[in-house]
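Below is one structure; the comments refer to it alone.
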There are 2 protein chains.
Amino acid sequence: MTPHSSSATPVAGRAQLHKPALLHALADPALGAISFLNEVIDRFPQAISFAPGAPFAKFFDDLDVARHIERYERHLVEDKGLTPARAKRRLYQYGPAQGVINDLLARALRIDHGMDVAPEAIVVTVGCQEAMVLALRALCPTPDDLLAIVNPCFVGIAGAAKVLGIDPVAIDETSSGVDLGALDRACIAARRDGQRIRALYVAPDFSNPSGTLMDLPTRHALLAAARAHDFLLLEDDAYGFTAESGSALPTLKALDAEGRVIYLGTCAKICLPGVRVGFMVADQEVVDEAGKTTLLASELTLIKSMLTVNTSPICQAIVGGMMLEHDGSLAAVGREKALLYRRNLRHLLDALSRHLPPALCAQQHVSWNEPQGGFFVRVRLPVVADYALLERCAARHGVLWTPMSSFFLDGAGRHELRLACSYLTPEEIDEGVARFARFVADDKLMRSS
Amino acid sequence: MTPHSSSATPVAGRAQLHKPALLHALADPALGAISFLNEVIDRFPQAISFAPGAPFAKFFDDLDVARHIERYERHLVEDKGLTPARAKRRLYQYGPAQGVINDLLARALRIDHGMDVAPEAIVVTVGCQEAMVLALRALCPTPDDLLAIVNPCFVGIAGAAKVLGIDPVAIDETSSGVDLGALDRACIAARRDGQRIRALYVAPDFSNPSGTLMDLPTRHALLAAARAHDFLLLEDDAYGFTAESGSALPTLKALDAEGRVIYLGTCAKICLPGVRVGFMVADQEVVDEAGKTTLLASELTLIKSMLTVNTSPICQAIVGGMMLEHDGSLAAVGREKALLYRRNLRHLLDALSRHLPPALCAQQHVSWNEPQGGFFVRVRLPVVADYALLERCAARHGVLWTPMSSFFLDGAGRHELRLACSYLTPEEIDEGVARFARFVADDKLMRSS
């Protein structure tokens with residue numbers, strides 16, 4: 001055995017791999033956090049779970065994917081002039097790595113967000129997760145190319161960074177969106193160290209896990225910061241569709257005159273998770289040493305072609321068919337869902353106020369925020385809200401939630417938990433909050449840690 | 001501007017990214033080779049193309065994906081006891097990162113290859129491409145963890161390596177499979193340099209681009225080499241299904257008593273490319289520093305959860321439904337296709353013999369190999385078979401092919417080209433080879449470079 005060897009042949013005659021010789025991120029407990037949470041959920045099947053941020057499942061009972069595929073095929077034949085056989089081949093054969101519904105997505109972005117985006121500037125990805133991976137891989141090629149993340153954040157961005165060997169810089173979230181002073185200082189500190197922040201990941205509309213809505217002045221200031229310090233914004237818009245009609249703020253990308261924003265979209269919540277379709281808008285111009293220019297979307301497509309080749313055109317057809325059935329709007333596909341999620345969120349906040357009156361909250365040192373959209377509410381406890389407490393809560397009170405510390409890059413949020421309202425019926429929310437109130441009133445748990 | 005800055009604000013007020021500050025592999029011409037080839041193909045729409053290794057498109061004319069999805073849903077209800085609503089949710093909701101048809105794939109591998117594999121040792125991936133990315137990311141975490149590749153090779157493995165920043169070691173292919181002496185020397189040289197070859201990528205059954213079939217003694221010797229030098233084999237079995245019935249050699253994985261092989265499968269050729277479903281068998285035991293063991297498949301799943309979250313369960317259902325319709329066999333799904341591809345390959349080889357008689361070949365210094373399966377034939381020319389020659393061939397003779405040098409890691413193969421037979425009808429093959437013969441007889445082209 002040399003010092004490099006990572007495998008030994010045990011008695012059974014099978015090779016064995018040593019974990020320290022595999023990708024180092026695999027030893028990071030954060031990477032396994034979701035599966036650990038799922039394990040706890042599995043052990044308490046009777047508990048009401050505010051843990052998963054998954055879409056409301058009843059939406060799927062009447063879903064007819066064959067109809068949506070057919071609608072898209074008809075579009076290819078009637079609007080695009082393909083023969084029926086060619087239309088089928090567009091769905092079933094290998095296809096362009098950049099995507100096949102880019103024109104429909106560009107139209108939806110124009111209708112829904114007033115964004116003026118060319119189809120060539122869009123890459124259709126295997127969910128929003130692949131879009132994040134492509135952006136990170138392209139923009140952070142060396143250890144001196146830093147990724148900043150608004151903290152706390154979606155576990156997917158932190159996980160993508162870890163898997164790609166990127167150690168992110170945490171910038172604190174504030175009630176107005178992001179700590180711009182901290183961002184400024186981080187950019188200056190990076191340059192002083194011969195490094196550079198290349199991108200900031202941010203979810204301005206009802207972020208996961210906090211439900212924070214970035215206000216308009218902060219949006220403008222953030223774009224100015226991106227210009228001043230020469231970085232890109234990775235705008236994740238998974239939850240913007242849940243905004244009250246007419247009250248939505250413009251996306252960063254809609255405000256982006258300079259090409260500072262890569263917009264990340266997902267069809268998981270608006271259409272369905274099972275298609276694994278997301279997309280990114282990357283209309284930045286890239287210039288090589290010879291002065292030749294391309295779109296950043298083309299460069300990202302090259303990377304994608306070596307990660308997943310292309311996004312299933314069958315799945316793209318399902319999304320395409322849904323948009324076509326709603327006059328080309330993606331927001332219209334999600335309108336009914338947005339109504340339900342807003343109703344659920346109001347219901348959750350109402351139930352919390354009812355079951356946890358001010359006197360009890362004051363006595364137990366419990367509080368929560370009141371988001372205007374999204375799937376999540378953040379609750380502060382007087383004790384550490386870790387997996388041990390979650391298990392005791394599930395066992396004694398039959399209710400589940402997610403420790404907030406899972407979403408922090410820096411181990412903060414230890415006294416907080418996240419409640420998700422997307423997955424439950426109003427009745428389940430009521431009963432769940434009643435149980436949650438008993439948990440909060442349980443002095444054995446609220447004073448022990 | 002600091003030296004780190006990579007973007008300038010041009011007159012138009014738009015930010016501009018400098019390509020040298022993006023992922024360095026993006027400047028590698030190999031990464032753009034496929035799109036360059038497609039550009040040439042697009043410019044000559046009337047040419048007969050032996051270039052793309054894509055499946056025969058007529059197979060898709062009668063394909064009914066809705067029927068396959070239904071068949072899989074019925075399986076969930078009738079065989080697995082799910083309610084119809086739960087079955088739908090299995091397809092449309094978020095699902096396990098490791099996959100949902102793992103049990104069906106394990107059964108198919110048993111029926112088709114006599115492989116004894118637990119469902120938990122399988123990861124369902126977004127095509128075989130993602131499987132390669134997962135293996136490379138897990139096994140080559142540092143620059144001292146080398147990847148060896150049998151050379152020439154499928155562009156996807158070289159591209160995945162480049163995108164992940166891995167500089168592969170080329171091991172020459174031979175007519176019996178792989179140059180074992182060169183492999184041995186490469187392993188020893190790596191160790192001498194304080195490095196280690198962690199894996200060898202190989203396609204033993206009718207490799208792309210060479211059509212080489214690795215013989216049985218070489219398979220055994222390769223497994224012995226993997227044991228002796230303590231590395232894993234990444235076995236790509238995209239074309240094994242085209243073997244003459246009864247004459248197929250056992251896969252490396254079927255011979256693998258020790259757990260030295262990660263088996264990479266694709267459903268693109270056997271089912272359809274549009275599903276983007278592949279899979280990998282990774283039944284190796286991983287042991288961490290505390291002595292806790294997991295399956296390598298679980299570790300790969302963790303990485304996958306941060307790249308693409310999960311493979312579309314709708315697409316998995318299509319593949320699952322196809323297998324169920326064929327008594328659980330994947331090979332049976334591909335039987336009709338295998339017949340057609342064998343017929344096409346024979347047809348191509350016959351046409352080459354007819355149109356390029358020995359006297360002409362001798363005179364023009366042209367020769368080719370005679371694979372017994374797969375999609376490809378390798379032709380040697382007296383001149384450099386590069387993109388310039390391809391363009392002139394297309395313009396003068398109306399026939400397209402792929403320069404072999406695209407498949408070499410080391411710039412070799414300059415005098416060779418690849419003909420693919422999968423995409424064409426017998427009539428097109430005849431006419432294409434007649435044109436190809438005129439190209440070969442064209443002294444202007446055969447003596448100019």
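Annotations
- Counting charges near A:GLY334 (Lys, Arg +1; Asp, Glu -1) among other residues having Cβ under 11 Å from its Cβ returns a value of +1.
- Chain B: Cys lacking any partner C-beta under 4.7 angstrom: B:CYS128, B:CYS140, B:CYS153, B:CYS187, B:CYS315, B:CYS361, B:CYS393, B:CYS421
- Residue-count net charge about A:ALA394 - beta-carbon cut-off 12 Å; Lys, Arg +1, Asp, Glu -1: +1
- Percent of alpha-carbon pairs separated by more than 16 Å within region B:243-331: 67
- With a Förster radius of 51 Å applied to the beta-carbon distance between B:ALA228 and B:VAL383, the computed FRET efficiency rounds to 0.75.
- Summing +1 for each Lys or Arg and -1 for each Asp or Glu among the other residues whose beta-carbon sits under 15 angstrom from that of A:ASP430 gives +1.
- Cα Rg, Dmax (largest Cα-Cα span) when computed across chain A, Å: 23.2, 71
- Counting Cβ atoms of other protein chains within 10 Å of each residue's Cβ and taking the mean over peptide B:316-323 gives 1.
- With the gyration tensor restricted to C-alpha atoms of region B:405-449, the semi-axes of the equivalent ellipsoid amount to 23, 18, 4 Å, longest first.
- The three principal axes of the Cα atoms in the protein assembly as shown give end-to-end lengths of 100, 69, 55 Å, sorted in falling order.
- Accessible-area value, A:TRP368, 1.4 Å probe, nucleic acids and ligands omitted, Å²: 50
- The HN-Hα couplings worked out from phi for region A:353-368 by the Karplus form 6.51 cos²θ - 1.76 cosθ + 1.60 (θ = phi - 60°) are 5, 5, 7, 10, x, x, 5, 5, 4, 5, 5, 9, 6, 10, 8, 8 Hz, whole numbers, x standing for Gly and Pro.
- Reach of B:LYS304 by Cα under 18 Å, taken over lysines that are not fewer than 8 positions away in the same chain: A:LYS19, A:LYS162, A:LYS304
- Region A:140-244: radius of gyration over Cα atoms, expressed as a fraction of 2.2 N^0.38 Å: 1.03
- Taking every protein chain into account, the 1.4 Å probe leaves A:GLU428 with about 70 Å² of accessible area, to the nearest ten.
- Chain B Cβ-axis minimum, rotational copy A, residue and distance in Å: B:ALA66, 2
- Cα→Cβ-extended label distance, 7 Å offset, between B:GLU428 and A:ASP410, nm: 6.0
- Within the straight-line cut-off of under 18 Å between alpha carbons, the lysines reachable from A:LYS269 are A:LYS58, A:LYS337, B:LYS88, sequence neighbours fewer than 8 places apart in one chain being disregarded.
- Note on region B:155-314: with charges restricted to the Cβ of Lys and Arg (+1) and Asp and Glu (-1), its dipole about the Cα centre is near 320 debye.
- The phi-based Karplus calculation (6.51 cos²θ - 1.76 cosθ + 1.60; θ = phi - 60°) puts the 3J(HN,Hα) values of region A:44-58 at 10, x, 8, 6, 7, 10, 8, 7, x, x, 7, x, 5, 6, 4 Hz, whole numbers, x for Gly and Pro.
- Rounded accessible area of A:GLU39 (nearest 10 Å², 1.4 Å probe): 100
- Note on chain B: with a GNM built from Cα contacts shorter than 10 Å, the maximum mean-square fluctuation among B:PRO152, B:PRO96, B:PRO20 falls on B:PRO20.
- Rh (Kirkwood; distinct C-alpha pairs) - region B:1-141, Å: 21.0
- Computed per residue of chain B from DSSP H runs no shorter than four, each worth -39500 (n - 2.57), the mean residue ellipticity at 222 nm is -12500 deg cm²/dmol.
- The same position A:ARG14 in the other copies lies at 5.5 nm from this copy, comparing label points 7 Å beyond Cα toward the beta-carbon, shortest first.
- A point 7 Å from Cα along Cα→Cβ stands in for B:GLU285, and the other copies hold the same point at 6.0 nm, listed in rising order.
- Projecting the alpha carbon convex hull of region B:46-86 along each direction and taking the average yields 4.9 nm².
- Reachable aspartates and glutamates, given that their alpha-carbon falls under 17 Å from the alpha-carbon of B:LYS444 and they are not under 8 places away in the same chain: B:ASP386, B:GLU391
- For chain B, averaging the sequence separation of C-alpha pairs within contact (under 8 Å, six or more residues apart) and dividing by the residue count gives a relative contact order of 22 percent.
- Dipole magnitude of the protein assembly as shown about its Cα centre (Cβ charges: Lys, Arg +1; Asp, Glu -1), debye to nearest 20: 240
- Rounded to the nearest 0.05, the FRET efficiency derived from the C-beta distance between A:ARG447 and B:ASP144 at R0 = 51 Å is 0.50.
The values are calculated or read from the model by the stated rules, or taken from the named source; none is laboratory data. All of these numbers come straight from a predicted model, not from anything done at the bench. Glycine gets a Cβ as well: all are built from the backbone with ideal geometry, and neighbour counts include every protein chain shown. SASA here: full protein model, heavy atoms, side chains in, ligands and nucleic acids out. Shrake-Rupley method; radii C 1.70, N 1.55, O 1.52, S 1.80 Å.
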